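Here is the structure we will look at.
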Amino acid sequence: MIGEGLSRTDGPLKVSGRARYSAERREMGEPLHGFILGAAIGKGRVVSIDTSRAEAMPGVQLVLTHLNAPPQAEVIPKSDILDVQPQLTTDVIAHYGAPVAFVVADTFEQARAAAALIDIGYEVVAGEFVLDENSAAPEWHDESRLGDLDAAMAAGAATIDAVYATPYHFSQPMELHACIADWRNGHLTLHIAAQMVAQLADAVADTILIDRSCITVDSSFVGGGFGAKIALHAEAILSALATRQLNRPVQLVLTRRQGFTIAGHRPASISRVRLAATREGQLTGIGHDANIQVSPEGNWKEGVATVARALYAAPNRLTRTRHSELDTGVCEPVRGPGEVPGLMVFESALDELAEKLGIDPLELRIRNDTAIDPEKHRPLSGRRLVECLREGAARFGWDQRPKTPASRRDGRWLIGYGVGSSIRGHYQTTAEARVRLDPDGQVIVQTDMTDIGTGTYTIAAQVAAAALGVPVGQVRVELARSNLPRGNGAGGSWGSGNTSVAIDRACQALREKLGRVAGTGYNDLFAEVRRHFPTGIEAVGSTRGMDDEPSYENFSIFTYGATFTEVGVDIMTGETRIRRMLGVFSAGRILNAKTARSQLLGGMIWGISAALHEAAHVDPRNGAWVNGDFAEYLVPTHADVPQIEAIALDDFDGAANHLGSKGIGELGSGGTAGSVANAVYNATGVRVRDFPITISKLLPGLPKI
Ligand code: MOS
């Protein structure tokens, strides 16, 4: 039952349009519609604002600006990405597109048209918008140092000392950021596209200064998150303030472009990677210095420089980060936070080292495997990186790799192979689930965990069915409401693990309760429920946070993978096409083979995107996103993703939890981008260190025809 590739139980609801996403909910009646007017400057102040023309427009119910917005929480230095988020409480503009006014009208079109008639005078202040060597403050942060990297670099038989750049990325789930806020009888209900409902409810209550008991958040169906729906944004706060004022439900959906300015991004980064090795390919030094954009408005710091800390052995190690405080908006988690930019550049550097040493890049990775966390000096549980590499190499036909760059042709295509390793921390947080057995034969699972498209409804039913010995069809799963038992939502790849452990424990508690009165020999669960508990029986199970689990102190717990890529690069145009791709992963016990494969494939496609397509470009005059929409922010389409396969090794990691499972949501993306970059180098002999690898960067170095 657990592990079976069961199709999504919510699939029929979704393909028939009966699964209602946040902006489609109508149980509160027809809502009013809001539209946010964003700042047209990158930094400065609103010096005048005239809303009279907007207020006179048909259908307009309310116009909020910093002059009339209700009192909200003070802006405090943020301790968490999901924190208070006051709106329109100041005339200060911190980044391009930040909300400066909010219009509510009978229809969306009326609200949008009225917003265009608000007259604003700005005072522009010079902002900092460009990430470069000069933008970084001198202090180092989050430093980890072992041995002497400089000495290792001086003594290394082969060394790499190279600088790489990665651009701004966005999560941009298909479902736009959306909220319907409904204030009635002193209670606020938010139907919102969110990844973590309880934490969001806390932050909303704290922001608009109402009691937490007066708020319910409901995120029953969410159309993708990828990190963008963790933090609290303007759509929740402005719709909540408006419904409280108007006593009518208010719907607010951000436009795609507003998703680029009102929700956050993955910061751009500049990395210096240093590697030193013996002639035999034993790493003696690993260094990664990252310079990342940070925002004065938020506290998310992308862990670019930390990805190699447990990846390979080496006695001399130095990894650290410098911060460039720029006015380009708020940084937030974007799928594979840290790993996507960090591994993309680190695995590229390792490939460069293999080339210098004349050692096969697969072999170089295998030679530097470690069973012990090189920095924390404790065992790496479930360390199966080498098996991922070997299994992948055998299946992919790595022995057919061109040994010399730019040496293989297929007509006009230059052919290359590349490999990249993946590693991702496994995290556990507190979570609770309630399981109820109804006398009529229904199992009901309740928890506030969300299903952001990843399969929680299905996995939760499988875990409960397995634990109770009933068919999956007998289990009803209720998720994603803040009045259900509290967990930590979907994020950090921890959702399924946290939730499954809690559900399984709740089921064990139920079996014990039943066993005490019915013994253990019964063969009809619900007959015993009816006999001994005629109104039903329920129990709560919980997952402890990793700080309270000794196993997380005794072991370093990660997931692993290896991606193999074959590319063709058009020798005349420089166009890169992925020809085939294989990922092999070790992530503990797989809870559902189908949804897991889908997550891993999605991650790998994300990696293709990071290597070849995605980059948000900043207008250096005002910090606006030049290509902040789906017309020009490139992501892969079907034609960019040909034959691709993901395999999960048969695995069980008892150090992670008693079910042996670990998170997979972000694993697939990590090393995949590096494998693409390395394949492009193998095909062309051109090493692009400034991602993404575009035609204009490849073309000058391509072999002459
Ligand atoms: Mo993930 S980037 O924590 O949704």
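For A101, nonlocal amide neighbours, meaning residues 5 or more places apart or on other chains whose placed amide H falls under 5 Å from its own, are L37. When the chymotrypsin sites (Phe, Trp or Tyr not before Pro) in region 296-369 are filtered for DSSP coil states and for at most 10 other beta-carbon atoms within 10 Å of their beta-carbon, no site remains. Ellipsoid fit via the Cα gyration tensor, region 536-648: semi-axes of 37, 22, 16 Å, each the root of five times an eigenvalue, largest first.
Per-residue ellipticity at 222 nm from helix content only, as computed over the chain with -39500 (n - 2.57) for each DSSP H run of at least four residues, stands at -7500 deg cm²/dmol.
Distance between the 7 Å Cα→Cβ label points at T216 and L67: 3.9 nm. When the alpha carbon gyration tensor of the chain is reduced to an equivalent ellipsoid, the three semi-axes, largest first, read 41, 36, 22 Å. The gain in end-to-end length when the F652 to D548 segment is fully stretched comes to 35.3 nm, 0.36 nm per residue minus the alpha carbon separation. Taken over region 429-543, the alpha-carbon convex hull comes to 85 cubic angstrom per residue. Round to the nearest 0.05 the FRET efficiency obtained for D106 and H638 when R0 = 45 Å and r is the Cβ-Cβ distance. Here the calculated transfer efficiency is 0.70.
For the chain, the share of DSSP beta bridges that are antiparallel, to the nearest 5, is 75%. Here the peptides 413-420, 668-675 are ranked by packing, the mean other Cβ count within 10 Å, and the order with the highest first is 668-675, 413-420.
If R0 is 51 Å, the Cβ-Cβ spacing of V626 and E538 corresponds to a FRET efficiency of close to 0.40. Amide H contacts for G685 (H built 1.01 Å from N in the peptide plane; partners 5 or more residues away or on another chain; cut-off under 5 Å): A406. Distance between the 7 Å Cα→Cβ label points at E387 and E55: 6.9 nm.
For the chain, list the DSSP H helices whose alpha carbon atoms reach 15 Å or more along the long axis and whose average Kyte-Doolittle value is -1.0 or above? Within the chain the helices that satisfy the rule are 197-208, 234-246, 339-357, 385-396, 456-468, 495-518, 593-612, 670-684.
The stretch between K356 and K376 holds 4.2 nm of extra length on full extension. This uses 0.36 nm per residue minus the Cα-Cα distance. Among the GluC sites (Glu not before Pro) within region 244-321, those in coil by DSSP and having at most 14 neighbouring Cβ atoms inside 10 Å are E280.
Separation of the alpha carbons by more than 31 angstrom is noted, of K229/K513; K403/K697; K301/K697, for K229/K513. The simple spin-label model puts a point 7 Å past each Cα toward its Cβ; for V75 and R409 those points are separated by 6.0 nm. List the residues of region 152-184 whose backbone N lies under 14 Å from a point placed 7 Å from the Cα of R244 along the Cα-to-Cβ direction. Hits in region 152-184 for R244 at 14 Å: 181-184. Residue-wise HN-Hα couplings along region 474-490, as the Karplus relation 6.51 cos²θ - 1.76 cosθ + 1.60 with θ = phi - 60° gives them from phi, are 8, 9, 10, 10, 10, 10, 6, 10, 6, 8, 9, x, 7, x, 10, x, 9 Hz; Gly and Pro carry x. For the peptides 441-454, 34-47, the ranking by packing is 441-454, 34-47, with the highest mean count of neighbouring Cβ atoms within 10 Å listed first.
Loop-located GluC sites (Glu not before Pro) across region 59-164 with a Cβ neighbour count of 10 or fewer within 10 Å are E74, E139, with loop assigned by DSSP.
FYI, it's all coordinate maths here, none of it is from the lab. For clarity, every value in this text was computed on a predicted model and none was experimentally measured. Glycine gets a Cβ as well: all are built from the backbone with ideal geometry, and neighbour counts include every protein chain shown.
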